[in-house]
Amino acid sequence: MRSVTILGATGSVGQSTIDLIARDPDAYRVEALTGGRNIAQLAADARRLKARLTVTAHEEAREELAARLAGTGIEVAAGEAAIREAAARPADWTMSAIVGFAGLAPGLEVLRRGGTLALANKETLVAAGSLVMETARRHGATLLPVDSEHSAIFQALRGEDPSSVERVIITASGGAFRDWPLERLPEASPEQAATHPNWAMGQRITIDSASMFNKALEMIEAKEFFGLAPAQIEVLIHRESLVHALVGHADGGILAHIGPPDMRHAIGYALSWPARAPLPVERLDLAAIGQLSFAAPDAARYPALALAHRVMEAGGAAGAVFNAAKEAALDSFLAGNIRFTDMAEIVARVLDRFLSTEGRQIAILDLDTLIEEDRRARAWAMEAVAEGSARTGG
Ligand code: NAD
Ligand code: MG
């Protein structure tokens, strides 16, 4: 029986992970589940899976969680530190599915105990790539990609000599606005941005798919995880979301990974790795699908992609700054304070400000430094939001 912990258990990836684990109750023992404000879901899953420990990120929700689990013997805790402590407890396999920078510190705890970390939280590698890879190496931890594109690359690389890799191509659906006229993008609402043509995901990553900030994060994630040079990473628009990534080798051959747009494939692959277990996902009928299409992304529609290249070239804390500015800009868009297209402008301004003052850095930064960079970049993004609304009188 393997022990598992799910960080971010109440979210989209967390629930897909629970779906797989719950299908095979004799194979898994649940050490800990963590969540946010959806206490009813967290408590129900903790009861159903007989978790040993359940943690909410919010102190004020502790009482409700304890009340819902009264008499079960399941331990209850609350707050940021409690989530890190849950991550630090021994478990054979841990899913990192908290959204945003908040997923970094708990993930590092898992690596420090030499655990196996299935990484859905892409912000971990974007904000702290060198620190994360170095921590995993030093403690003999195992890092498995769960982002579908990175799982696809990982699978296409299996048994290959990494030095034969010339390039990796990450695919993108193009998001909610791929067919909108460019001039309409400024009026796009959060509700419109939060609909994805092919995938069902959390609200934030779905909006990031419409702006392609998600793809920008994934480019950086691929660079860090697979140790690639920025010029080796390409993005293709692929409307069908069936080919998740392609790896081009030195002999001109390209290995593509094809699968249904269902996160349970990538999660399940990481759960049974290095074996391949049968999974309850759709079997594709390629004859019925008929065609797969590919196109180059339009730089004017997706300015986030060029920003990702600047971040990859700069290295150091640029990823943490980029991610923090993006998270703050997304918060402002969700609050109705800025337009959809303002997000890329704000992130570009923060990045300009960072690069003009800090220049290029290559050192491995520690967590405290990255937390400080994250805070400052969020503050700079909020300054840029305020300046923007002062200019437009909005
Ligand atoms: P989600 O919003 O559906 O769920 C997020 C989870 O994190 C919830 O359990 C929530 O309670 C918890 N959480 C939020 N803020 C927190 C905080 N400050 N501290 C502790 N816990 C917190 O998100 P999701 O779509 O499941 O995505 C999770 C991560 O996986 C993200 O990094 C996302 O980019 C990545 N990812 C998601 C998908 C997908 O299909 N949804 C695909 C690839 C990668
Ligand atoms: Mg992805």
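When the test is whether a residue is of a type outside the set (D, E) and crowded, with 16+ Cβ neighbours inside 10 Å, T54 passes it. Total residues in the range 109-118 satisfying the condition of being assigned to a helix (DSSP H, G or I) and buried (at least 24 other Cβ atoms within 10 Å of the Cβ): the figure is 2. Evaluation of P297 against the conditions (1) within 16 Å of ligand 2 (Cβ to nearest atom); (2) under 30 Å from T94 (Cβ atoms); (3) open to solvent by less than 50 Å² (accessible area, probe 1.4 Å) shows that the sole unmet condition is (2).
With respect to the conditions (1) within 28 Å of S148 (Cα to Cα); (2) over 21 Å from the mean Cα position of the chain (by Cα); (3) surrounded by fewer than 19 Cβ atoms within 10 Å (Cβ to Cβ), D45 lacks only one, and its number is (3). Among residues of the range 213-236 that are more than 16 Å from ligand 1 (Cβ to nearest atom), those with a Cβ under 7 angstrom from a residue that is open to solvent by less than 40 Å² (accessible area, probe 1.4 Å) and small (G, A, S), sequence gap 6+ or separate chain, pair up as L228/A222; I233/A222. The set of residues from the range 119-163 being within 14 Å of ligand 1 (Cβ to nearest atom), outside any helix (DSSP H, G or I) and over 11 Å from the mean Cα position of the chain (by Cα) comprises just one member, L144.
So that you can scan it fast, the table gives a plain yes or no per residue for (1) under 16 Å from D342 (Cα atoms); (2) of a type in the set (A, V, I, L, M, F, W, C); (3) in the same structural domain as D342 (by TED's automatic domain parsing); (4) in a loop (DSSP other than H, G, I, E, B):
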position: A176; (1), (2), (3), (4): no, yes, yes, yes
position: E183; (1), (2), (3), (4): yes, no, yes, no
position: H196; (1), (2), (3), (4): no, no, yes, yes
position: K223; (1), (2), (3), (4): no, no, yes, no
position: A231; (1), (2), (3), (4): no, yes, yes, no
position: V235; (1), (2), (3), (4): no, yes, yes, no
position: R239; (1), (2), (3), (4): no, no, yes, yes
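The values are calculated or read from the model by the stated rules, or taken from the named source; none is laboratory data. Everything numeric in this text was worked out from a predicted model, so none of it was measured. A quick note on method: Cβ atoms are made from the backbone with ideal geometry, for glycine too, and the neighbour counts reach across all protein chains shown. Each accessible area value is taken on the protein alone, full model and side chains, heavy atoms only, with ligands, DNA and RNA left out. Shrake-Rupley method; radii C 1.70, N 1.55, O 1.52, S 1.80 Å.
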